[in-house]
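J.: Attaching a single structure in structure tokens format; questions to follow.
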Amino acid sequence: MSADVKVLVTGAGGMLGRFVVKKLIDDGYETVGADIDEFDLTVEDEVKGFILAEKPDVIIHTGAFTGVDEAEDCPERSHRVNVDGTRYVVESASEVGAYIIYISTDYVFDGEKGNPYVEEDIPNPINVYGRTKYIGEIEVRGYSGRWLIVRSAWLFGPSPIAFPVKVYRRAVEERELRVVNDQFGSPTYAKDLAEAVIKLMEKRADGIYHFVNSGIASRYDLAMRTLEYAGLLKGINLIEISTGDIESKAKRPPYSVLDTGKYERLFCEPRMWYEALKAFMDEYDISQIV
């Protein structure tokens with residue numbers, strides 16, 4: 001794929017979208033970043049009007065309603081963004097003949113398998129967010145043109161809603177943290193995911209791929225590494241608890257680790273999650289992320 005290709009990125013102001021846009025620009029692609037100022041994903045005419053005017057060759061659809069607990073309170077809003085919005089993007093892609101790349105999630109799975117999920121495993125989401133993202137996948141899979149779904153998990157980066165950032169903030173403010181030790185997943189640096197998505201785009205990959213940083217972690221493991229790298233581990237009372245000890249609006253999969261073997265057959269194995277976390281914390285002053 002040549003660098004004169006025009007790429008439109010939805011959700012360009014989000015944690016992942018910002019990295020995707022920066023990488024595309026750095027690599028010389030004609031890049032159009034679209035966020036709420038450009039169009040509202042829930043408004044069909046806005047989505048289609050913008051995309052048809054831009055006529056991109058590729059659409060990387062990172063825009064989504066990502067609040068897992070918030071989706072339980074606002075299921076209709078989650079559906080409008082993640083399902084209807086995705087349908088509008090797909091229909092627009094069809095009109096301009098674009099290659100569409102859709103970012104999905106480990107939360108399409110119920111977490112009961114007990115070992116890493118491969119692309120062929122049958123989704124069975126257990127919360128509103130996961131269900132709407134899976135229905136979004138179905139919308140993309142119905143597209144007659146070239147499409148790619150990239151599932152990832154436990155994204156972190158320079159955003160106040162990222163788990164490591166919230167852990168750091170709470171540790172500084174409260175000096176005590178209670179973190180679950182029985183939810184396991186694949187922590188992933190949004191920067192690494194952005195680079196992987198663009199590599200797959202350049203390969204013209206299609207179908208479904210999983211990309212996460214290597215290794216398995218519990219929420220407790222991720223919190224402990226965050227505090228260690230921030231130099232706070234000795235001064236904080238970090239307490240292990242189970243999922244049953246907390247009240248949460250949305251159910252979480254107990255084990256939603258994703259297998260990246262299919263991605264690795266094209267490229268190299270992703271770096272370990274804790275190496276990616278250390279890189280993130282070296283690149284950004286976590287205390288200044290607000």
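No value in this document is a laboratory result; all are computed from the given coordinates. As the structure is a computational prediction, the values presented were derived from the model and not from experiment. Please note: Cβ atoms are built from the backbone with ideal geometry, for glycine as well, and neighbour counts cover all protein chains shown.
J.: Can you give the angle from 0 to 90° between the axis of helix 219-229 and the longest principal axis of the chain, with both taken from C-alpha atoms, to the nearest 10?
T.: So the inclination is approximately 80 degrees.
J.: By average Cβ neighbour count within 10 Å, what is the ranking of 137-143, 171-177, 275-281 from highest down?
T.: 275-281, 137-143, 171-177
J.: Which Cα, out of VAL290, LEU227, SER242, lies furthest along the positive dipole direction of region 219-290 (beta carbon charges, K/R +1, D/E -1)?
T.: Farthest towards the positive pole: SER242.
J.: Consider just the alpha-carbon atoms of region 248-290 and return their Rg together with their Dmax, both in angstrom.
T.: Just the Cα atoms of region 248-290 yield Rg and Dmax of 15.3, 39 Å.
J.: Right, next: Going by average Cβ density within 10 Å per residue, which order do the peptides 182-191, 244-253 take, highest to lowest? Please list the in-between numbers first.
T.: Numbers: 182-191: 23.2, 244-253: 13.6.
Peptide ranking by packing, descending: 182-191, 244-253.
J.: For the peptides 85-91, 228-234, what is the packing order when you average, over each peptide's residues, the other Cβ atoms within 10 Å and list the highest mean first?
T.: Numbers: 85-91: 22.7, 228-234: 14.0.
Output ranking for 85-91, 228-234: 85-91, 228-234.
J.: Mind checking the angle between helix 15-26 and the chain's longest principal axis? C-alpha axes, 0 to 90 degrees, to the nearest 10.
T.: Tilt relative to the chain: about 50 degrees.
J.: What number, rounded to the nearest 500 deg cm²/dmol, is the helix-based mean residue ellipticity at 222 nm of the chain, given -39500 (n - 2.57) per DSSP H run of at least four residues and division by all its residues? Can you show the working numbers first?
T.: On the way: 11 runs with 111 residues, N = 290.
For the chain, the value works out to -11500 deg cm²/dmol.
J.: So if I average 1/r over every pair of distinct C-alpha atoms in the chain and take the inverse, what Kirkwood radius in Å does that give? Provide the component values of the computation, followed by the final result.
T.: Working: mean 1/r = 0.0516 Å⁻¹.
Here the Kirkwood hydrodynamic radius works out to 19.4 Å.
J.: Could you tell me which of rounded, prolate or oblate describes region 64-155, using a ≥ b ≥ c as the square roots of the eigenvalues of the alpha-carbon gyration tensor, with rounded for a/c under 1.5 and, failing that, prolate when a/b is larger than b/c and oblate otherwise? Don't skip to the answer; put the middle values down first.
T.: Values: a/c = 2.40, a/b = 1.29, b/c = 1.85.
Oblate, because a/c is 1.5 or more while a/b does not exceed b/c.
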